[in-house]
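These notes concern the structure reproduced below.
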Amino acid sequence: MASMLLNTMRSGSVRPSRAVWLGARSLSTTAQLQAQVQTKSKKTLARPGVKNIVLVEGVRTPFLLSGTTYADLMPHDLARAALQGLLHRTGLPKDAVDYIIYGTVIQEVKTSNVAREAALGAGFSDKIPAHTVTMACISSNQAMTSAVGLIAAGQCDSVVAGGVEFMSDVPIRHSRKMRKTMLSLNKAKTIGQRLSLIGSIRLAHLSPELPAVAEFSTAETMGHSADRLAAAFGVSRMEQDEFAVRSHTLAKQAQDAGLLQDVISFKVPGRDIVSKDNGIRPSTMEQMGKLKPAFIKPHGTVTAANSSFLTDGASAALIMSEEKALAMGYKPKAYLRDFVYVSQDPKDQLLLGPTYGTPKVLERAGLSMSDIDVFEFHEAFAGQIMANMKALDSDWFGQTYLGRKSKVGAPPMEKFNLWGGSLSLGHPFGATGCRLVTTVAHRLQKEGGQYGLVAACAAGGQGHAMVIEAYPQ
């Protein structure tokens, strides 16, 4: 497939330099964009007999580079902070929630059900059930849609969903042979048996097993796959660097303008109060160009600067039936409407989840790309974003892989990730989904739009997309 894509896609390339200009310009022309959006009048996606489910509030801790201020914490500490921030912002009684769901990817063995531990630590009633889900980078998306499902089914009226990831202290295991020996030592009944087992240990047994962001089915790292995907779609190094510069520039502008309303302040035990993401670092194309390829050397195009970085952080969202939210005196931010999950070949299409998910969710909602006012796509790698843009804008890809008569169409850059994205804000694997949904809700309010679309890729060749509708102001 890779060679087919490489030969076919170059003719239909997106022009990112133009896109960068548009994206950077759009934040400074918010009034024009608002006026443009507000002239539209669209039908609501509410359906007779179907319960309206709303996002009441969404918060997150500041997303920090791993190994920095959060380094001495544990995952449940961050999740607890996000939950407490949600309680503080909403004034929600601690016993007014029916269920709590959290997403995470790399689990801390001491708190495998981090949802339950964080909920208890945050002071929620011990009568509230909680469970943890994992679906790679769309884990908190899965937490949120699981909440939607519980409410739609009439099982719950109020659910807290969120996600957490802590990359500063990931589990590092002994080798399998060493683990077997240690387990056998624990069962040994005599001194002779113990001495025999200790004598069997070799130096090689002490070599640890380090975790890696790699596919189990293909043994390929995600960065290596992103590099191959970028090459297959003819995405140049310059295109990727330009998009990364755009992400950091827009994130910095949004941060300085106070638009990142979902970020809560967090007093880190033994340290200062943290109130801002610390990975936002606008730079120049000249600086970007100095970095060497990180995965395919020496000719790859994916670098540390045009990839998302290892991040610590947590998020939380209050999701309710509209009836329950209004009864409790809340003004919801948005309706959570249609959503889909997709999966495809994890070898050559690992990161194309947005391309497969976007047309499916639009079809379910009865919308077109032109109906969407706000796009928020997860930025795993700049090359991944640009490859998805080209796939969406390709008649050939639409016909060959999506079963369509023509292309889906790429999102207009003046509507796309205008407050930065995972490349700049950070990407705690299990927490990003809530950030995406909350950002769409806030952007719809700010820009006067009606419909937003979230899309994300995930390990395993999976993906997610959701349509969000603004709540009437």
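Laboratory data are not the source of any read-out in this text; all were calculated from the coordinates shown. Values in this document were obtained by computation on a predicted structure and should not be read as measured data. Here the Cβ is made from the backbone with ideal geometry for all residues, glycine too, and neighbour counts use every protein chain on show.
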Open item on the list: If each DSSP helix of 4+ residues adds -39,500 (n - 2.57) and the sum is divided by the residues in the chain, what number results at 222 nm, nearest 500 deg cm²/dmol?
Closed with: -11500 deg cm²/dmol
Open item on the list: Under 5 Å between amide hydrogens, which residues at least 5 positions from LEU92 or on another chain qualify, with H placed 1.01 Å from N in the peptide plane?
Closed with: none
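Take peptides 184-193, 130-139 and line them up by average Cβ neighbours within 10 Å, highest first, as a rough protection proxy.
Highest mean packing first, the order is 130-139, 184-193.
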- [ ] Could you sort out which of LYS415/LYS446; LYS94/LYS276; LYS390/LYS415; LYS290/LYS415 sit more than 24 Å apart by Cα distance in this structure?
- [x] LYS94/LYS276; LYS290/LYS415
Task: Cβ crowding within 10 Å averaged over residues, with 121-128, 109-116, 82-89 ranked highest first - done: 82-89, 109-116, 121-128
- [ ] Among ALA152, PRO171, ALA465, pick out the residue whose Cα is farthest towards the positive end of the charge dipole of the chain, where Lys and Arg carry +1 and Asp and Glu carry -1 on C-beta, about the Cα centre.
- [x] PRO171
- [ ] Only loop residues by DSSP count here, and only those with at most 14 other Cβ atoms within 10 Å; note down the trypsin sites (Lys or Arg not before Pro) in the range 240-305 that meet that.
- [x] ARG271, LYS276, LYS290
Open item on the list: Give the lysines whose C-alpha is closer than 28 Å to that of LYS180, dropping any in the same chain fewer than 8 places away, or say none.
Closed with: LYS110, LYS189
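When the chain is fully extended, how far beyond the present Cα-Cα distance does LYS51 get from ARG176, taking 0.36 nm per residue of separation?
Working: separation 125, 0.36 × 125 = 45.00 nm, distance 5.02 nm.
That pair, LYS51 and ARG176, stretches by 40.0 nm at full extension.
Local charge sum around MET288 (other residues, Cβ-Cβ under 14 Å, Lys/Arg +1, Asp/Glu -1)? Don't jump to the answer; show the numbers that get you there.
Numbers: positive: ARG237, ARG246, ARG281, LYS290, LYS292; negative: GLU239, ASP241, GLU242, GLU286.
That works out to +1.
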Open item on the list: Residue by residue through the range 95-109, what is 3J(HN,Hα) from phi via Karplus (6.51 cos²θ - 1.76 cosθ + 1.60, θ = phi - 60°)? Round to whole Hz and write x for glycine and proline.
Closed with: 10, 8, 9, 8, 6, 10, 10, 10, x, 7, 10, 9, 7, 7, 5
Open item on the list: Given the options HIS88, THR249, GLY223, identify the residue whose Cα lies farthest towards the positive end of the charge dipole of the chain (+1 on Cβ of Lys, Arg; -1 on Cβ of Asp, Glu).
Closed with: GLY223
TODO: Name the residues whose placed amide hydrogens come within less than 5 Å of the amide hydrogen of GLU209, ignoring near sequence neighbours (fewer than 5 apart) on the same chain.
DONE: ARG173, HIS174, SER175
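Using the Cα centre as the reference, give the magnitude of the dipole from point charges on the C-beta atoms of the chain (Lys, Arg: +1; Asp, Glu: -1; all else neutral), rounded to the nearest 20 debye.
In debye, rounded to 20, the chain gives about 760.
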- [ ] Please list, in chain and number order, the residues 5+ apart from ALA334 or on another chain whose amide H is under 5 Å from its amide H, with Hs placed from the backbone.
- [x] LEU55, TYR471
Open item on the list: Just to check I understand the Karplus step: with θ = phi - 60° and J = 6.51 cos²θ - 1.76 cosθ + 1.60, what whole-Hz values come out for the range 262-278, glycine and proline as x?
Closed with: 6, 6, 9, 7, 9, 7, 6, x, x, 9, 7, 6, 9, 9, 9, 5, 10
Task: Burial ranking of peptide ranges 345-353, 254-262 (average Cβ count within 10 Å, highest at the top) - done: 345-353, 254-262
- [ ] For the chain, take the alpha-carbon Rg, divide it by the Kirkwood Rh, and send me Rg/Rh.
- [x] 0.99
Task: Backbone N within the range 441-468 under 15 Å of label point (7 Å from THR218 Cα along the Cβ vector) - done: 457-463
